[in-house]
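J.: Handing you a structure now.
The values are calculated or read from the model by the stated rules, or taken from the named source; none is laboratory data. None of these values were measured; they are calculated from a predicted model. When we count neighbours, we look across all protein chains shown, and the Cβ atoms used for this are built from the backbone with ideal geometry, even at glycine.
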Amino acid sequence: MLANRLLGCRQERAGPPARARSMSHDHLGRPSRRAAHLANDNPLRALTEVISRVPGGINLGQGVCDLETPAPLVEGAVESIRGADRQTYTHYSGLPDLKRAIRAKLARDNGLKVDEDEVMVASGSSGAMYAAALALLDPGDEVVLFEPFYSYHYSTLKLLGLVPVPVPLGRDDLALDVAALRAGIGARTRAMIVNTPANPSGKVFTRTELESIASLLADTGVSVFTDEVYEYLCYDGREHVSPATIEGLANRTITIGSFSKTFSITGWRIGYLAGPRAAVELAGRVFDQIAVCAARPLQRGVARGLDDLETSFYVRLREAYERKRDRFCEALGRAGFDVAPPQGAYYVLAGYRDVLGDVNPYDAAMTLIERAGINSVPGDVFYARPDGVRSIRFHFAVDDEVLDSVCARLESLS
């Protein structure tokens, strides 16, 4: 009898309440209010799946940077995996050797001198941006970003409950519009994102433009979050200027970078942020909660690359990309696209009306896949008010043989 009573008690306790047993789990498929904007398919991902099913298709959509990774990075990572390291967590701020190498790189190439506790490693620049924004901003805060903007910046802000405030750059020359920026800064503005060189436009902010931003922010509490992942890809003699080197911006700037594009390791996800000590510490503690740390062997690989690669590597990188840019833009122009060579990065935002018709950007991208087997990204994802946008974005981070094929296919369109 006691056994039966105990068994009955166990059965009663093990079973969920009647209400819970009959409850539908449909709610697990409903996005939160923060994530509602992500519920629809990402056109970039959707088109990548489409082109993957096209025989001989060439994906110039997502900027995966499909080029050779420098040998020192591979050697450093493989040595770590094969026993040079114990495969344990690192400190959330990153391996000391990688932080030292990043500090040396910032001093040498960016003119930024930071202490060891003023830099941290993250899972790519996206992870660094997410951790910094989550650590330093509150839901409802407004964040200025320049349009056309990197779509992941915009969606990340919304995911965090922040309010993106797009400020358009000059339509023809991508110049900073000081009056538009002044109008975009309000009582609830807490931060600004400066992406230079920029994705998707290739915009490179000049020293004068950054000084104008510093002047506008002088009497505000607005922070600046940068995205400088294409810093080595500035063309036609342009100079990459890190905003944190500008008087009036240094103490309010979180410098964010990555090695994905410089070293062709987009899948490694190794980035960093640098800035005021207290801000970096807060961002590091948040990153600890998100990912604990970036992958140890991949940190080792990047550290080796930063240590071993000479300055000439970065010069050759820029020269190679500039040649690719020129060839690709010439081919686009001959095919009838409306295109201006980008100032930096490895993207081209091209008008397509005369080639693909006055259709929406997604349909234009699909038509280009059907006619030429080339994928792109619909240009409207880079605008808050996309009505009337008639552009698509390409990347040209491919081997010369692939670029040869792309140019030949574009010729066939004309």
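J.: Here is a check on your reading of the model: is D138 acidic (D, E) and out of contact with any helix residue (DSSP H, G or I) (no Cβ under 7 Å at 6 or more places or on another chain)?
T.: Values: acidic (D, E): yes; out of contact with any helix residue (DSSP H, G or I) (no Cβ under 7 Å at 6 or more places or on another chain): yes.
Yes; evaluated as a whole, the condition is true for this residue.
J.: Can you confirm whether the range 330-351 contains a residue that is hydrophobic (A, V, I, L, M, F, W, C), at pLDDT 95 or above, surrounded by fewer than 20 Cβ atoms within 10 Å (Cβ to Cβ) and not in a loop (DSSP other than H, G, I, E, B)?
T.: No: the range 330-351 contains no residue that is hydrophobic (A, V, I, L, M, F, W, C), at pLDDT 95 or above, surrounded by fewer than 20 Cβ atoms within 10 Å (Cβ to Cβ) and not in a loop (DSSP other than H, G, I, E, B).
J.: Shifting gears a bit: Could you tell me which residue of the range 317-328 is surrounded by the most Cβ atoms within 10 Å (Cβ to Cβ), considering only residues that are within 23 Å of the chain's Cα centre (by Cα) and not acidic (D, E)?
T.: Applying the filter and picking the extreme gives F328.
J.: Anything in the range 38-65 that is modelled with pLDDT of 85 or more, assigned to a helix (DSSP H, G or I) and either farther than 26 Å from I265 by Cα or of a type in the set (A, V, I, L, M) (or both)? List them, or say none.
T.: A46, L47, V50, I51
J.: Quick check on the range 263-286: of everything there that is assigned to a loop (DSSP other than H, G, I, E, B) and not hydrophobic (A, V, I, L, M, F, W, C), which residue is farthest from V302 (Cα to Cα)? Even if it seems obvious, please write down each step before you answer.
T.: Step one: of the range 263-286, the residues assigned to a loop (DSSP other than H, G, I, E, B) are 263-270, 275-276.
Now narrow it down to the ones that are not hydrophobic (A, V, I, L, M, F, W, C): 264, 266-267, 269, 275-276.
Details: S264: 11, T266: 12, G267: 13, R269: 10, G275: 21, P276: 24 Å.
Here the residue is P276.
J.: Does S242 meet the test of being small (G, A, S), more than 29 Å from P378 (Cβ to Cβ) and touching a strand residue (DSSP E or B) at 6+ places or on another chain (Cβ under 7 Å)?
T.: Here the answer is yes, as S242 does meet what is asked.
J.: Checking the structure you have, find out if any residue of the range 297-304 is farther than 18 Å from S258 by Cβ and either modelled with pLDDT of 95 or more or under 23 Å from the mean Cα position of the chain (by Cα) (or both).
T.: No.
J.: A follow-up question, please. Considering every residue within the range 106-125, establish whether at least one is within 27 Å of V389 (Cβ to Cβ) and touching a helix residue (DSSP H, G or I) at 6+ places or on another chain (Cβ under 8 Å).
T.: Checking the range 106-125: not a single residue is within 27 Å of V389 (Cβ to Cβ) and touching a helix residue (DSSP H, G or I) at 6+ places or on another chain (Cβ under 8 Å).
J.: State whether one or more residues within the range 260-267 are under 18 Å from the mean Cα position of the chain (by Cα), farther than 30 Å from A350 by Cβ and assigned by TED's automatic domain parsing to the domain that holds E228.
T.: Taking every residue of the range 260-267 in turn, none turns out to be under 18 Å from the mean Cα position of the chain (by Cα), farther than 30 Å from A350 by Cβ and assigned by TED's automatic domain parsing to the domain that holds E228.
J.: How many residues does the range 282-318 hold that are free of Cβ contacts under 8 Å to residues at least 60 places away in the same chain and in contact with a Phe, Trp or Tyr (Cβ under 6 Å, 6 or more places away or on another chain)?
T.: Number of matching residues: 0.
J.: Sticking with this structure for a sec: Among residues belonging to the range 230-254 that are among the aliphatic types (A, V, I, L, M) and in a loop (DSSP other than H, G, I, E, B), point out the one that is nearest to the chain's Cα centre (by Cα).
T.: Among those residues, the one meeting the criterion is L233.
J.: Within the range 139-229, which strands (runs of 3 or more DSSP E) (wholly inside it) include 1 or more residues that are crowded, with 22+ Cβ neighbours inside 10 Å?
T.: 142-147, 189-195, 223-227
J.: Would you mind stating whether S260 is out of contact with any Pro (no Cβ under 8 Å at 6 or more places or on another chain), among the hydroxyl-bearing types (S, T, Y), touching a residue at least 24 places away in the same chain (Cβ under 8 Å) and part of a helix (DSSP H, G or I)? Please lay out each step first, then the result.
T.: On the way: out of contact with any Pro (no Cβ under 8 Å at 6 or more places or on another chain): yes; among the hydroxyl-bearing types (S, T, Y): yes; touching a residue at least 24 places away in the same chain (Cβ under 8 Å): yes; part of a helix (DSSP H, G or I): no.
The answer is no for S260.
Residue by residue, here is whether (1) under 22 Å from V406 (Cα atoms); (2) within 18 Å of the chain's Cα centre (by Cα); (3) not small (G, A, S) holds:
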residue: L44; (1), (2), (3): yes, yes, yes
residue: L47; (1), (2), (3): yes, no, yes
residue: V50; (1), (2), (3): yes, no, yes
residue: V54; (1), (2), (3): yes, no, yes
residue: G57; (1), (2), (3): yes, no, no
residue: Q62; (1), (2), (3): yes, yes, yes
residue: A71; (1), (2), (3): no, no, no
residue: A77; (1), (2), (3): no, no, no
residue: I81; (1), (2), (3): no, no, yes
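J.: Given the criterion more than 30 Å from R188 (Cα to Cα), in a helix (DSSP H, G or I) and of a type in the set (A, V, I, L, M, F, W, C), identify the matching residue among A104, A128, A133.
T.: One residue alone meets the criteria, A104.
J.: Which residue, of A36, A133, is surrounded by fewer than 20 Cβ atoms within 10 Å (Cβ to Cβ) and among the small types (G, A, S)?
T.: Exactly one residue qualifies, and that residue is A36.
J.: Can I ask one more? Failed condition for S123, given (1) over 26 Å from S260 (Cα atoms); (2) touching a residue at least 40 places away in the same chain (Cβ under 8 Å), with all others met?
T.: (1)
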